[in-house]
Structure formats: structure tokens, C-alpha cells
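Derivation of every value follows stated rules applied to the coordinates shown; laboratory data play no part. It should be emphasised that the depicted structure is a prediction, and the values quoted were computed from it without experimental measurement. A quick note on method: Cβ atoms are made from the backbone with ideal geometry, for glycine too, and the neighbour counts reach across all protein chains shown.
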Amino acid sequence: MLLSLPIASYCSIERLTLSHFSCAQQDHKLNGTGITTMHATITPKVFMDINKIAEQNYDWVERMGWHNKSTLEALALVASEVGEAINECRGEKPTENFKEELADIVLRVLDIAHWQGIDMEQVLLDKMKKNKQRGTRGRVK
């Protein structure tokens, strides 16, 4: 499904819509009023709720019988996955397996979050908002 919207309409669409669509191409045109309008072709994204991913992963880990550990042990396993990701970056560029190691890190974190009853979607959105409000805090690029 392709949809072309003038920039005024596109910008007024709620955040929810922007998170569900990705911009495929843009073109800028000068209309008769001297205002530049931009048309963006956007396509729907297929996505899955992060909390649903956490739940599905948790259920699989439970079926495997791997939930017999403390929170500290679970965090140590996250650290071990970080170590594996580091090993995939020893060359000039990360290896093809790097992306799988990142996925392992995320899945282990989501498993802990689900186990602890944490709504990761909300926590991530809140944290991003907090980070944005903090600004650079004196950091330079």
C-alpha cells in the first residue's frame, strides 16, 4: 500500500502513525503560494509489540527449563552475550554473526523484563523522553 501526503498533512499525523509507516521517497515542489510542499510516499511497516516479543521469548525459555536462576545470574548471562558480541567485532568490521549476538542481548534483557513484570515498551518510551529532556548535558560529538 502506497500513500502520498502533502507535508502539512504528513506532519500533523500523530506519532502513532509515524511509527507505523516508513518514508520511501520524497519530492519537494514549490506551489503557487511560494510555500514549498513535500510529498512523501510512505508504506506501512510490519512490526510486533516489544512486550509480545518478551512474552513469547519468556514462554520459550520457560519451556526449555532455563528459568532456574536469580536476577543477578540472568544479568551475568546478558554480560556473557555482550562478550560474544565483542568477539564478533575484533576485525575491522563486525562479522555477519554480530547481529545475532545483538539479538541474544536484547532477548535476554526482554526475558528479564517480562519475568520482573516490566512493561519494556513504556519504560523505553519514558527513558527516550527523559534522555531527550536532558539534552547533551555538556557532551560534544
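Can you tell me how many residues within the range 109-135 are exposed (fewer than 15 other Cβ atoms within 10 Å of the Cβ) and of a type in the set (A, V, I, L, M)?
So the count comes out to 4.
Kindly indicate whether any position in the range 83-93 is within 22 Å of L124 (Cβ to Cβ) and surrounded by 13 or more Cβ atoms within 10 Å (Cβ to Cβ).
yes
All but one of (1) within 25 Å of F47 (Cβ to Cβ); (2) free of Cβ contacts under 8 Å to residues at least 24 places away in the same chain hold for R134; which doesn't?
If we test R134 against (1) within 25 Å of F47 (Cβ to Cβ); (2) free of Cβ contacts under 8 Å to residues at least 24 places away in the same chain, just (1) comes out false.
Residue by residue, here is whether (1) under 17 Å from the mean Cα position of the chain (by Cα); (2) in a loop (DSSP other than H, G, I, E, B); (3) among the aromatic types (F, W, Y) holds:
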site	(1), (2), (3)
K52	yes, no, no
E62	no, no, no
K69	no, yes, no
P94	no, yes, no
E101	yes, no, no
E121	yes, no, no
V140	no, yes, no
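State whether one or more residues within the range 68-83 are of a type in the set (A, V, I, L, M, F, W, C) and more than 15 Å from L110 (Cα to Cα).
The answer is no, given that none of the residues of the range 68-83 is of a type in the set (A, V, I, L, M, F, W, C) and more than 15 Å from L110 (Cα to Cα).
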